[in-house]
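The values are calculated or read from the model by the stated rules, or taken from the named source; none is laboratory data. Computed from a predicted structure; not experimentally measured. Positions of Cβ are backbone-derived with ideal geometry, glycine not excepted, and every protein chain shown enters the neighbour counts.
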Amino acid sequence: MRSGLLNPDRRVVYLLLIIALTIPLLKPFGMPIPISEDTRTAYAYIEGMDPGARVLLSIDYGPSVVAELQAQCIAFLRHLARKGIRTYVITTTPDGVPLAAAALTESFEAAGKREGIDYIYLGYVAGQEAGLAAMGDSLASVVEVQNKPIMEGIGKLSDFTLAIALRGDGVLMWVRQAYTKYNVPLLFSVTAVVAAGTVPYVQAGQAIASLTSNKCAAEYEVLGRLPGKAVATMDAQSSSHLLIIVLIMLGNVGYYLTKRPKAQEARP
Amino acid sequence: MKRQFPLLVASVTGLLMIVDNFVKMPALNQAASTVRTWVVIIALISLALGAVNLLRIHSARIAGRRAGWVYSMVLCSTMLVTIISGLTVGQKHAIYRHLYDGIMQPGSSTAMALLAFFVASAAVRSFRARNVEATLLLGTAIILMLGNAPVGSVIYSGMPRISAWFMSIPSAAAQRGLIITSAIAFIAINLRNILGFSSEWLGGSKD
């Protein structure tokens, strides 16, 4: 039994994890979701923007992190649509293009907003940071600038009131090219893996807030009364985290149960 | 000349980008802006080049019936169908959407989701309170896991605040150190490249 606790069969761990993830998705517990400071800050910033604001939203992720970031993207877009803020969407990853289309369908199009007037999808910006740097000079150098009413007064990166970047990796390129060069306010939504690396930028005032993964997306949906998929996944996240903690504790119990008899044997 | 010319181009371009940041001179700023546009064009071309190279490598594997040639065939056929459907009927068409929503997205998400199982299994086996440092790491991991899920606040209402403290004070301090040192290293490495002291990025043999 001790060795079972110390080195549990991997298949048992996987099976327990599948059960812990599936049951809450089918039968939610309805655990209350506390709202973090970052989410409140981000929400309040967008809520406080005037209708003349122009927001750039960049989908810098692909299908592999859809589960972490797409819900937040849709929550942002729904909020912007509700506020009537003109929104410009770009993607910096080639496989993020269909995600942008899907997000706009669920947000602006669902709210009855008009493309070219209330929102616009500018397209894929190649070159990652180089593309962003080129946007600083001229939008026309990286995307096809369409002759639409929403494009009036928008010629380069500094013309935007706010830039929201949803990224699966580091945010440094936005800090370097958008904030440092042109003082464009930044809002980030990142995966949990890189969340710790964005905190210094928020503390330095280079970003308004950094939202982490599905957790902050759920908080955003609750705070803004923007129904979405993130809330539905929180119970599954809770049960899986709890399961891993319990298994780690049991592993440590097994470790000390096997360690103590060996320590007693070692005594003269 | 085979190595000197690319080194010269890299040096001139790099110096142009640096000087552009600090000097306001219309001609120089315009030149830098043009170079930045060229980089975007080169990035787009490299995408296409990558696709062509992929086809070339896997076609050779299929033709030679080398190990895994069946997977190469699946890759090439899926790639060609996606490219042709995207170019002909467009990205909003049902065919393209089915390929993306039915194959690419679930496949990519699943590969990422598998990590959760591997991490869980690894965590269960490796997180042991063997000594003081390991115990601190274990305790911090548990607090952060509870703080990042609603169950943490159900167990103890102050858990999200404790988790936020770990992220904003000790973790942020370490991250800040990492950012500063990597930025200094980045400057040093790229200065070496721009000034021509380092040519490893060129690859190939030294002649």
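A few comments on the model shown:
- Among residues of the range A:233-252 that are more than 7 Å from every other protein chain (Cβ to nearest Cβ) and under 15 Å from residue A:213 (Cβ atoms), those with a Cβ under 9 angstrom from a residue that is in a helix (DSSP H, G or I) and among the β-branched types (Val, Ile, Thr), sequence gap 6+ or separate chain, pair up as A:236/A:22; A:236/A:23.
- Checklist (1) free of Cβ contacts under 8 Å to residues at least 40 places away in the same chain; (2) more than 9 Å from chain B (Cβ to nearest Cβ) applied to residue A:196, failing item: (2)
- If you go through the range B:179-199 and keep only what is surrounded by 13 or more Cβ atoms within 10 Å (Cβ to Cβ) and closer than 30 Å to residue B:137 by Cβ, you end up with just B:179.
Conditions (1) in contact with a helix residue (DSSP H, G or I) (Cβ under 7 Å, 6 or more places away or on another chain); (2) buried (at least 20 other Cβ atoms within 10 Å of the Cβ); (3) within 19 Å of residue A:91 (Cβ to Cβ), marked per residue:
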{"position": "A:150", "(1), (2), (3)": "no, no, yes"}
{"position": "A:155", "(1), (2), (3)": "yes, no, no"}
{"position": "A:160", "(1), (2), (3)": "no, yes, yes"}
{"position": "A:163", "(1), (2), (3)": "yes, yes, yes"}
{"position": "A:166", "(1), (2), (3)": "yes, yes, yes"}
{"position": "A:170", "(1), (2), (3)": "yes, no, yes"}
{"position": "A:173", "(1), (2), (3)": "yes, no, yes"}
{"position": "A:182", "(1), (2), (3)": "yes, no, no"}
{"position": "A:188", "(1), (2), (3)": "yes, yes, yes"}
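- A single entry from B:163, B:153, B:157 fulfils the requirement of being of a type outside the set (Lys, Arg), over 21 Å from residue A:19 (Cβ atoms) and in a loop (DSSP other than H, G, I, E, B): B:157.
- Filter result (buried (at least 21 other Cβ atoms within 10 Å of the Cβ) and among the basic types (Lys, Arg)) within the range A:190-225: A:215
- Across the range A:57-71, the qualifying residues are those that are in contact with a Ser or Thr (Cβ under 9 Å, 6 or more places away or on another chain) and within 17 Å of residue A:109 (Cα to Cα), and the one among them that is farthest from the other protein chains (Cβ to nearest Cβ) is A:57.
- Number of residues in the range A:119-145 that are touching a Gly at 6+ places or on another chain (Cβ under 7 Å) and more than 8 Å from chain B (Cβ to nearest Cβ): the value is 3.
- When residues of the range A:222-232 are limited to those that are over 14 Å from the mean Cα position of the chain (by Cα) and assigned to a helix (DSSP H, G or I), the one modelled with the lowest pLDDT: A:232
- Residue count, the range B:139-154 (criterion: without any contact (Cβ under 8 Å) to a residue 12 or more places away in the chain, more than 7 Å from chain A (Cβ to nearest Cβ) and surrounded by 14 or more Cβ atoms within 10 Å (Cβ to Cβ)): 1
- Leading residue by the ranking (surrounded by the most Cβ atoms within 10 Å (Cβ to Cβ)) among those in the range A:21-44 that are out of contact with any strand residue (DSSP E or B) (no Cβ under 7 Å at 6 or more places or on another chain) and closer than 15 Å to residue A:185 by Cβ: A:43
- On the stretch given as the range B:160-179, residues that are more than 9 Å from every other protein chain (Cβ to nearest Cβ) and among the aliphatic types (A, V, I, L, M) total 2.
- Extreme residue, farthest from residue A:80 (Cα to Cα), among residues of the range A:26-53 that are of a type in the set (A, V, I, L, M) and within 13 Å of chain B (Cβ to nearest Cβ): A:31
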